[in-house]
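All remarks here apply to the structure that follows.
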Amino acid sequence: MRIGAFIVFLFLLCSCSSKVYEVKGSFSESPIPSSPDYSKARYWASLPDKVDAADSVPHKTNLRDLQATAPADVFFIHPTTFTIEPKNQYLWNGDTDDSDLNNKTQTTTILNQASIFNGSCRIYAPYYRQAHLYAFYTPSKEDASKALDLAYADVRSAFEYYLKNYNQGRPIVIASHSQGSYHGERLIKDYFDGKELKKQLVAAYLIGRAIPTTSFTSIRPTEKPEEIGVWASWNTFARGFYPKNYELYYRKAQSTNPLLWNSSEVFASKELNKGGVAFHFSYAPQLADAQNHQGLLWINKPYFRGRFFIRKKRWHIADLNLFYMNIRENVALRIETFLGAVKSSPSTGK
């Protein structure tokens, strides 16, 4: 990568660390956007038969979008893209009819994250009335709770519509990032943990949120790359860095090394990284190493030309980008294992 392009890429990565816009007024004073109708395709950021950014594959690869023949589904919950000063009357939750916000969601998270799964899954990703980023920073717990509850109500509604109209008993992957993983954790508890639907769960990738290792009663964190019915999570930071809320938020969080697929603190070198995606959605081989450390995933500076200039400590926005190919291969492996287990089950009569 040229130095100039690299600097632009760094700017894009760092953009999420600028000062958070402070929503003025309480949740109760803000109008609420109309609820989305998930029977209509326009309220889905991605559907298998819809042309959307999740159909994309990184440049400089021979990957293909295989949703048409995929043996499993992924229900993908996107992270926060409602981050700036609201441009309409809706202050705490994004409007799913806001074309600018939806376009931002498409060109960022759906492109760079949801597309990971198009090699082995049909992708279902709803637009939802996401909470504004400020919900995670406001001192008002009531405002935050109400905004996030409204967002989760949409995620739950979309998932129920998906189950009734699309799933047809197929294996399910749950994948999410950041705010999406806040909702993903709730979804796992409501629909899979100790529930009948657990039998269809291939794995859950709940990335970019500090989720305690003991969050679920019957679904455990993964410790092997081929395990099924398990979950994975990590939060990426520069080696040696501790976020200021580490003791309260991260110390007891599950951290899965996406190069090893376990929670050990064994160092995984960049040679184990099958490739990430970078500027202009381009493939970048051996992009990062990884090592778990007491609830954090530490990396050295990503292996770009010009890495000397990197001063970034928080790699939250690139939690999935850095390990794109490893995640893509891992979900395919887990689906293969799941299908093999179903085929060999005595209940199938085979």
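Each reported figure results from applying straightforward, stated rules to the coordinates on display, with no laboratory input. Bear in mind the structure is a predicted one, so any value in this text is a computation, not a measurement. Glycine also receives a Cβ, built like all others from the backbone with ideal geometry; neighbour counts cover every protein chain displayed.
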| message | Based only on other Cβ atoms within 10 Å, what is the fewest-to-most ordering of THR256, THR217, THR107, THR83? | response | THR217, THR107, THR83, THR256
| query | Which aspartates and glutamates, on any chain, are close to LYS198 with Cα under 18 Å apart, when same-chain ones fewer than 8 places away are left out? | reply | ASP73, GLU160, GLU185, ASP190, GLU226, GLU227, GLU336
| remark: Mean Cβ-within-10 Å packing, highest first, puts peptides 121-129, 44-52 in the order 121-129, 44-52
| said: From the phi angles alone, apply the Karplus equation (6.51, -1.76, 1.60; θ = phi - 60°) to segment 109-124 and give each ³J(HN,Hα) in whole Hz, x where the residue is Gly or Pro. | reply: 6, 5, 5, 7, 10, 4, 5, 3, 8, 6, x, 8, 9, 7, 9, 10
| field | Lysine pair number, Cα distance threshold 23 Å (strictly under), segment 94-195, separation 8 or more or different chains | value | 4
| task | Name the residue, out of GLU336, GLU185, GLU196, whose mean-square fluctuation peaks in a Gaussian network model built on the chain with Cα pairs under 10 Å. | result | GLU196
| remark: Net charge (Lys, Arg +1; Asp, Glu -1) of residues whose beta-carbon lies under 9 Å from that of PRO36, PRO36 excluded, is 0
| said: Taking θ = phi - 60°, what integer Hz values does the Karplus form 6.51 cos²θ - 1.76 cosθ + 1.60 yield along segment 22-29, in sequence order, with x for Gly and Pro? | reply: 8, 5, 8, x, 8, 4, 5, 8
| field | Where GluC sites (Glu not before Pro) fall in DSSP loop in segment 223-255, at most 15 other Cβ within 10 Å | value | GLU223, GLU226
| message | Sort ARG314, ARG209 by Cβ crowding within 10 Å, fewest neighbours at the top. | response | ARG314, ARG209
| For q = 0.13, 0.15 Å⁻¹, what log10 I(q)/I(0) does the chain give under the Debye formula with an equal point scatterer on each alpha carbon and no solvent? | -1.02, -1.39
| task | Report relative contact order for segment 3-344 in percent, whole number only (criteria: Cα-Cα under 8 Å, sequence separation at least 6). | result | 18
| Rule-of-thumb check for segment 40-152: C-alpha Rg over 2.2 N^0.38 Å? | 1.16
| request: DSSP loop (so not H, G, I, E, B), at most 16 other Cβ within 10 Å: list which trypsin sites (Lys or Arg not before Pro) in segment 244-305 pass both filters. | output: LYS244, ARG251, LYS252, ARG305
